[in-house]
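One structure below.
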Amino acid sequence: MRISWRGLTWVLVAAIPLAVIGGLVWIATLDLSRYQARLTEQIRKVTGRELTAKVPLAVKIGRYPAMVAEGVTLSNAPWGSRPDLARVRKLTLFLDPVSLFLGEIRIGRLLLEGADILVERNDVGDSNLDMLPPPDGSGPHPSEFRSLRLRTNPAFPWIGVIDVQDSVLTIAEGAGRPPVVLEVTTGTLRSSAPNQSLQFEGRFGAPQASTFALAGTAGSFDGWMRGLPGNIDLQGSFGDGKIAIKGGIGVKGTNIQITSEGPDAAAFGPYIRLPVPHGGPYALSAKVVTQRNGLKVEVTTLKVGASELVGEALFRPDRKGVPTVAVNVDVSRLDVSELRWPASSVPAGSSPSPAQPRLVPVLPFSTSWLGRTAVSVTVRLGEVIGLGSKIQNGSVTLASNEQRFTFRAAATVGGGSAGFDLVYDPTGRIGQATLTASANRVSLSELASVLGFDIGLRDAVGDIDLRLRGGGRTSRDALNSASGSIDIAITKGLWPRDQTANWPAETQRLLGGSDAGVPFNCIASRFDVSGGVASLRRLVVDTPRATMVGGGYVHLRTEGWEFILAPEARETQNAGLASPLRLKGGSGRPTSAALEPNLARLIVGAGIVPSLAAQVNQAARQIGVNPCAVVAPRVEGLRPGLRAQMPVPSADLRQRPGRPTAPARPQPPRRKP
């Protein structure tokens, strides 16, 4: 009997659907518990980890037949911070249709949905990705009739395509370092074998940060598991810009090139875990290489608007095994006017708290890496513009080790120079902080803008010498117990009118001025600091219409102050307006002022009263000196009773915060006789 080709074709057309239907029915009725147990045992032999599922494998019949499991977990290393390395909400194993006709179950594609993967290292440097077969899974079995030499390591059947959706990857590098969290929106990994190139395509990013969309080759699967991924060549977008990562991580070391450009450099902030201001457009070219026993990150080019810098960072352990970080940055030009710091966001449903301006912010000295990591940072500033005056030849140095923390900065500001030196010794119960600062012929308004606050003085140039030492774990605690001295000498300038608006009317008429402010010729003062209180022992203020001396205190913890001023009119017709006054105020509080004419007879001694204006005029004849600074040491001789009338802080202000007062003990009732 002969069968025509047309009849054979119809037989095949009818048989194929029947075979497919039969295969699907066979799969649907197949007991997958044995396959799941075999799969779990195979993973345990390969990795030494346990794979469990809350919902066992089930067959899903559709266009692409698949096996589905829910609540899948892979156990973590014994030293891990949590019991599971990976948690997967839903795992789908798509079956290979060709293998179904051969009576086998092969996985052609794996889909992970809602995966939560944690990659971490311990203090020794081991990674939880280092997986080894357990002792009972390696070695000959009598039933296999194979020797130890011929026995091969267990291998998990390779899956060529792995898709990841709506997942989170957390990378923790050890205690004291914040983890890196990446949200993987979509990701696809393709490879024909574990040792072949891994084709990657995905979209991911940090929480509330710009996202990456990369595609290309990313080493191999076996390489990533061994910590040596191999060659990497990825290109794509980063936020509204673009980025390219090329190079390799192998046995010979790391050599990766990173180039990126975009409209806003602040997109890198969440990834490098540093506050990066908004500014752009930017162009970045960086290189990551391995040097001996360290890793070097070199920024060959970074341009943000008109600003430009280069730098490098070296990470390595020292001879004692302590992690060491050395950073060197050269900023040829920095335009601050183009940089914008992000505004602090207020959570929904909560009202913003009222601003309480403080001159000295609370800065903690005890950082997480202090004492555990040796850090050395050097920044050289060629030119800084956008702060009102040009800053040139600046340098910032930070050094930290187990015994000392040092922060130094110096620069040429306008026509003068300024610098400070902060040293913190963490030994002891609270540690000791030493601050030394100086400024020579520096514009005070420009210096205040650099430090981030406004003292109101315009066109004033001053000299400052500050030496303080105090104990505490924060800047506020150190100032609360500080001791030292502060010398200030200011040349010609202008007081803002709003700072003298609350002064008595007589004093305002005596000082004169206009709506722009009150002019002054010079100011000089010296603060003797003890126990967190800066006592002003001598103050001289010379204006075109009056000369004033006085004193008082500034409380460094509460930032409250109180002064008395004894003026002397330069002209006879204004002598009746020269009456002593008392001033009180502080940060975030209005200034109050009141005349106290009774202080005049207590401040001025008996006999001939020396003229303050004459002393200042005589000192002004000297070239290159501040006349108020020359007269200031003579204040006690010119006004002998001034020191006894100076205000001092009350006892409640001297009490430290957080130390409650002892409650009064109740007195027993007296018995009546």
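The values are calculated or read from the model by the stated rules, or taken from the named source; none is laboratory data. Keep in mind it's a predicted model, so treat the numbers as computed, not measured. Cβ: placed from backbone, ideal geometry, glycine included. Neighbour counts: every protein chain shown.
Is it fair to say Gly513 is under 22 Å from Ile464 (Cα atoms), of a type outside the set (Asp, Glu) and modelled with pLDDT under 90?
It is false that Gly513 is under 22 Å from Ile464 (Cα atoms), of a type outside the set (Asp, Glu) and modelled with pLDDT under 90.
Count, please, the residues in the range 72-96 that happen to be surrounded by 17 or more Cβ atoms within 10 Å (Cβ to Cβ) and outside any loop (DSSP other than H, G, I, E, B).
15
Report yes if Leu583 is under 15 Å from Gly550 (Cα atoms), surrounded by 12 or more Cβ atoms within 10 Å (Cβ to Cβ) and at pLDDT 90 or above, otherwise no.
Details: under 15 Å from Gly550 (Cα atoms): yes; surrounded by 12 or more Cβ atoms within 10 Å (Cβ to Cβ): yes; at pLDDT 90 or above: yes.
When the stated conditions are applied, Leu583 passes them.
Among the candidates Arg557, Arg570, which residue alone is more than 26 Å from Gly484 (Cβ to Cβ), among the basic types (Lys, Arg) and in contact with a helix residue (DSSP H, G or I) (Cβ under 8 Å, 6 or more places away or on another chain)?
Of Arg557, Arg570, the one residue that is more than 26 Å from Gly484 (Cβ to Cβ), among the basic types (Lys, Arg) and in contact with a helix residue (DSSP H, G or I) (Cβ under 8 Å, 6 or more places away or on another chain) is Arg570.
Hey, could you check the range 551-568 for residues that are more than 37 Å from the chain's Cα centre (by Cα) and without any contact (Cβ under 8 Å) to a residue 60 or more places away in the chain and say which is surrounded by the fewest Cβ atoms within 10 Å (Cβ to Cβ)?
Step by step, filter the range 551-568, then rank; the result is Leu565.
Let me confirm something: among Leu451, Leu479, Leu422, which residue is surrounded by fewer than 17 Cβ atoms within 10 Å (Cβ to Cβ), within 27 Å of Ser525 (Cα to Cα), modelled with pLDDT under 90 and within 24 Å of the chain's Cα centre (by Cα)?
Leu451
Regarding the range 528-542, can at least one residue be identified that is more than 43 Å from the chain's Cα centre (by Cα) and either assigned to a strand (DSSP E or B) or at pLDDT below 90 (or both)?
yes
Would you call Glu338 within 21 Å of the chain's Cα centre (by Cα), in contact (Cβ under 8 Å) with a residue 12 or more places away in the chain and within 21 Å of Ile243 (Cα to Cα)?
Here the answer is no, as Glu338 does not meet what is asked.
If I filter the range 240-256 for residues that are without any contact (Cβ under 8 Å) to a residue 60 or more places away in the chain, closer than 20 Å to Leu118 by Cα and out of contact with any Phe, Trp or Tyr (no Cβ under 9 Å at 6 or more places or on another chain), do I get at least one hit? Reasoning before the result, please.
First, the residues of the range 240-256 that are without any contact (Cβ under 8 Å) to a residue 60 or more places away in the chain: 240-256.
Those still in the list that are closer than 20 Å to Leu118 by Cα too: none.
No: the range 240-256 contains no residue that is without any contact (Cβ under 8 Å) to a residue 60 or more places away in the chain, closer than 20 Å to Leu118 by Cα and out of contact with any Phe, Trp or Tyr (no Cβ under 9 Å at 6 or more places or on another chain).
If I filter the range 269-300 down to residues being in contact (Cβ under 8 Å) with a residue 12 or more places away in the chain and hydrophobic (A, V, I, L, M, F, W, C), which single residue comes out as surrounded by the most Cβ atoms within 10 Å (Cβ to Cβ)?
So the residue we want is Leu284.
Cβ-Cβ distance below 6 Å, separation of 6 or more or different chains: which pairs start in the range 617-633 with a residue that is part of a helix (DSSP H, G or I) and end on one that is charged (D, E, K, R)?
Cys628/Asp542; Ala632/Arg538
Check Ala53, Ala69 and return the single one that is modelled with pLDDT of 80 or more and crowded, with 19+ Cβ neighbours inside 10 Å.
Unique residue meeting the criteria: Ala69.
Out of the range 253-286, which residues are touching a His at 6+ places or on another chain (Cβ under 8 Å) and in a loop (DSSP other than H, G, I, E, B)?
The one that is touching a His at 6+ places or on another chain (Cβ under 8 Å) and in a loop (DSSP other than H, G, I, E, B): Asp264.
Which residue, of Ala613, Ala593, Ala600, is assigned to a strand (DSSP E or B), among the aliphatic types (A, V, I, L, M), in contact with a Ser or Thr (Cβ under 9 Å, 6 or more places away or on another chain) and more than 25 Å from Gly531 (Cα to Cα)?
Details: Ala613 fails: assigned to a strand (DSSP E or B); Ala600 fails: assigned to a strand (DSSP E or B).
Answer to the check: Ala593.
Filter the range 206-232 for residues that are touching a residue at least 40 places away in the same chain (Cβ under 8 Å) and in contact with a helix residue (DSSP H, G or I) (Cβ under 8 Å, 6 or more places away or on another chain) and give the result.
Ala206, Pro207, Gln208, Ala209, Ser210
Inside the range 543-590, can you point out the residues that are closer than 24 Å to Asn521 by Cβ, part of a loop (DSSP other than H, G, I, E, B) and hydroxyl-bearing (Ser, Thr, Tyr)?
Initially, the range 543-590 is screened for residues closer than 24 Å to Asn521 by Cβ, giving 543-552, 554, 561, 563-583, 585.
Adding the requirement that they be part of a loop (DSSP other than H, G, I, E, B) leaves 543-545, 570-571, 578-580.
Once the filter is applied, which keeps residues that are closer than 24 Å to Asn521 by Cβ, part of a loop (DSSP other than H, G, I, E, B) and hydroxyl-bearing (Ser, Thr, Tyr), the range 543-590 yields Thr543, Ser579.
Those residues that are within 11 Å of Pro504 (Cα to Cα), out of contact with any helix residue (DSSP H, G or I) (no Cβ under 8 Å at 6 or more places or on another chain) and surrounded by 15 or more Cβ atoms within 10 Å (Cβ to Cβ), I need them from the range 586-595; list them, please.
None - no residue of the range 586-595 is within 11 Å of Pro504 (Cα to Cα), out of contact with any helix residue (DSSP H, G or I) (no Cβ under 8 Å at 6 or more places or on another chain) and surrounded by 15 or more Cβ atoms within 10 Å (Cβ to Cβ), so the list stays empty.
Among what's in the range 237-247 and is buried (at least 18 other Cβ atoms within 10 Å of the Cβ) and more than 22 Å from the chain's Cα centre (by Cα), pick the residue that is nearest to Ala313 (Cα to Cα). Before the answer, list the steps.
Of all residues in the range 237-247, those buried (at least 18 other Cβ atoms within 10 Å of the Cβ) come to 238-239, 241, 243, 245.
Now restrict to residues that are more than 22 Å from the chain's Cα centre (by Cα): 241, 243, 245.
Details: Gly241: 25, Ile243: 21, Ile245: 19 Å.
Filtering the range 237-247 for residues that are buried (at least 18 other Cβ atoms within 10 Å of the Cβ) and more than 22 Å from the chain's Cα centre (by Cα), the one nearest to Ala313 (Cα to Cα) comes out as Ile245.
For Met548, which of the numbered conditions (1) within 40 Å of the chain's Cα centre (by Cα); (2) buried (at least 21 other Cβ atoms within 10 Å of the Cβ) fails to hold?
Of the numbered conditions (1) within 40 Å of the chain's Cα centre (by Cα); (2) buried (at least 21 other Cβ atoms within 10 Å of the Cβ), the odd one out for Met548 is (1).
With the condition kept exactly as written, say whether any residue in the range 172-185 is at pLDDT below 85, buried (at least 17 other Cβ atoms within 10 Å of the Cβ) and part of a strand (DSSP E or B).
Yes, because at least one residue in the range 172-185 is at pLDDT below 85, buried (at least 17 other Cβ atoms within 10 Å of the Cβ) and part of a strand (DSSP E or B).
With the condition kept exactly as written, say whether any residue in the range 498-506 is in contact (Cβ under 8 Å) with a residue 40 or more places away in the chain, buried (at least 21 other Cβ atoms within 10 Å of the Cβ) and either in contact with a strand residue (DSSP E or B) (Cβ under 9 Å, 6 or more places away or on another chain) or not in a helix (DSSP H, G or I) (or both).
Scanning the range 498-506, I find no residue that is in contact (Cβ under 8 Å) with a residue 40 or more places away in the chain, buried (at least 21 other Cβ atoms within 10 Å of the Cβ) and either in contact with a strand residue (DSSP E or B) (Cβ under 9 Å, 6 or more places away or on another chain) or not in a helix (DSSP H, G or I) (or both), so the answer is no.
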